[in-house]
Amino acid sequence: MTETRYTIEHDWLRLEDDGTVTLGITDHAQQQLGDVVYVELPETGRSVNSGEEVAVVESVKAASDIKAPLSGTVIAVNGQLTERPELVNSDPLGAGWFFRMQVDDASRLQAFLDADGYRRFLEAV
């Protein structure tokens, strides 16, 4: 059973059945960015610390750094985004995922917002 959590920076994190965590940006984030034209992904095998910049997403409006919400190792990247960055706009919670990590402590996912909490956060800002 997969579980999706959200950050106040508008990232989503999905705990996969195999214990890895997939990360992308939310629908709200991609709407704010506008048409995504480029995504710079981290290297597979890279160790990252929570809060470290690991990816960049560029749109016609702006460029945004993506920070790792958890510490761990990047085990996969979404290579489709190199040729088709617009997937971030068309399917941000599916085909538009950025990278997958083996995290140091999956229990830390509980610190992030669930879907209802994220919706309430969006309503409050």
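Please say if the stretch 13-95 is rounded, prolate or oblate, where rounded means a/c under 1.5 for a ≥ b ≥ c the square roots of the C-alpha gyration tensor eigenvalues, and otherwise the choice is prolate for a/b larger than b/c and oblate otherwise?
Prolate, because a/c is 1.5 or more and a/b exceeds b/c.
Calculate, for ARG84 and GLU43, the FRET efficiency according to 1/(1 + (r/R0)^6) with r their C-beta to C-beta distance and R0 25 Å; round to the nearest 0.05.
0.80
With charges only on Cβ, +1 for K and R and -1 for D and E, what is the dipole size of the stretch 1-107 about its Cα centre, in debye, rounded to 20?
It comes to approximately 60 debye.
What is the sum of charges, Lys and Arg at +1 and Asp and Glu at -1, for the other residues whose Cβ falls under 13 Å from the Cβ of GLU58?
The answer is -3.
Could you line up HIS10, HIS28 from fewest to most neighbouring Cβ atoms inside 10 Å?
So the residues, fewest neighbours to most, are HIS28, HIS10.
ALA111 versus VAL60, label points 7 Å from Cα toward the beta carbon: distance in nm?
According to this spin-label approximation, the distance is 3.8 nm.
Any read-out appearing in this document is the output of simple, stated calculations on the displayed coordinates, not a laboratory observation. What you see is a predicted model; the values in this text were computed from it and never measured. For neighbour counting, all protein chains shown are included, and Cβ atoms are generated from backbone atoms with ideal geometry for every residue, glycine included.
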